[in-house]
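Colleague: Submitted below is the structure of interest, expressed as structure tokens.
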Amino acid sequence: MSKRNRASGPADVLTNLTESEVAGVQWLPQELLDDRPLRFFVSYAHSDRKLKDDLLERLHFHLNNHPAFHFELWSDGEIILGQDWFESIKRAMNACDFGLLLVSPRFLSRKFIREHELPWLLSNKPVIPVAIRKLIMNANADLRGLQDRQIFFQDGKAFVQRTTENTKDDFAIDLYNKICAGLSKLG
């Protein structure tokens with residue numbers, strides 16, 4: 001019986017919607033996460049830095065208030081001057097629990113992301129792709145392996161399409177809730 005046929009009330013419909021949003025995300029067993037931060041690697045195009053900073057600032061407050069997990073994010077801004085940046089990125093990807101992919105046409109067109117970050121993360125870690133700019137979602141676009149993954153949009157809109165403080169906050173809250181729904185699958 002399909003999930004759609006099982007839904008009998010508003011709670012079931014919401015559960016099924018949440019399950020479809022996190023479908024395909026592979027989560028870590030709970031015992032691996034006890035007594036340590038839940039680490040996530042932020043992958044983004046540098047030309048989207050302002051959008052990344054805006055979204056992560058909004059998301060950060062909610063993540064810090066999670067009752068069971070302490071989140072720790074890593075982005076390339078953590079690389080110390082003089083360090084081997086490529087080795088730093090590889091170490092961070094290897095150490096993370098999941099990748100937060102801030103997807104945009106710029107993200108998909110970046111050679112480093114296409115050749116190094118995206119293939120490795122898709123093969124080795126759970127990922128949460130988030131549309132921060134409008135995307136072409138048909139056969140006319142190469143989504144670089146993300147075509148089979150559920151990409152987070154809020155009501156069909158990317159983060160950049162949320163233009164007021166309230167709608168940007170709502171986007172971050174909805175994303176936080178989707179992340180939490182995936183975490184609930186751990187226990």
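The values are calculated or read from the model by the stated rules, or taken from the named source; none is laboratory data. The structure presented is a predicted model; accordingly, all values stated were derived computationally and were not measured. Backbone-built Cβ (ideal geometry, glycine too); neighbour counts: all protein chains shown. Only protein heavy atoms, including side chains, enter the accessible area calculation; ligands, DNA and RNA are left aside. Shrake-Rupley method; radii C 1.70, N 1.55, O 1.52, S 1.80 Å.
Colleague: Mind listing the long-range amide H neighbours of ILE128? Cut-off is under 5 Å, sequence gap 5 or more, other chains count too, H placed in the peptide plane at 1.01 Å from N.
Modeller: GLY99, LEU100, LEU101
Colleague: Give me a comma-separated list of calculated 3J(HN,Hα) values for the range 53-62, in order, Karplus coefficients 6.51, -1.76, 1.60 applied at θ = phi - 60°, integers in Hz, x for any Gly or Pro.
Modeller: Those phi angles translate into 4, 5, 5, 5, 4, 5, 5, 3, 4, 6 Hz.
Colleague: Now for a different question. Considering the convex hull of the alpha carbon atoms of the range 97-187, report its projected area averaged over all viewing directions, in nm², one decimal.
Modeller: 6.4 nm²
Colleague: Assuming R0 = 22 Å, can you tell me the calculated FRET efficiency for the pair LYS90 and ASP174, based on Cβ-Cβ distance, to the nearest 0.05?
Modeller: Given R0 = 22 Å and the Cβ-Cβ separation, E is 0.10.
Colleague: Sorted by accessible area with a 1.4 angstrom probe, largest first, how do SER88, SER123 fall?
Modeller: Listed by decreasing accessible area, they come as SER123, SER88.
Colleague: Per the 1.4 Å probe, what fraction of the accessible area of the range 80-187, in percent, lies on carbon and sulfur atoms?
Modeller: Result for the range 80-187: 47 percent of the exposed heavy-atom area is carbon or sulfur.
Colleague: Then there's this: Under a 5 Å amide H to amide H cut-off, with H placed in plane at 1.01 Å, what residues pair with LEU73 once short-range neighbours are removed?
Modeller: Answer set, sorted by chain and number: PHE40.
Colleague: Answer rounded, prolate or oblate for the range 83-148, using the Cα gyration tensor with square roots of eigenvalues a ≥ b ≥ c: rounded when a/c is under 1.5, else prolate when a/b is larger than b/c, else oblate.
Modeller: prolate
Colleague: Going by accessible area, probe 1.4 Å, with all protein chains left in place, what is the ranking of ARG91, ARG114, largest first?
Modeller: Of ARG91, ARG114, the descending order of accessible area is ARG91, ARG114.
Colleague: Residue by residue through the range 135-146, what is 3J(HN,Hα) from phi via Karplus (6.51 cos²θ - 1.76 cosθ + 1.60, θ = phi - 60°)? Round to whole Hz and write x for glycine and proline.
Modeller: Coupling constants for the range 135-146: 10, 7, 10, 9, 5, 7, 10, 9, 8, 6, x, 8 Hz.
Colleague: Oh, and also: Let a ≥ b ≥ c be the square roots of the eigenvalues of the Cα gyration tensor of the range 71-115; is it rounded (a/c under 1.5), or, if not, prolate (a/b larger than b/c) or oblate?
Modeller: The shape class here is oblate.
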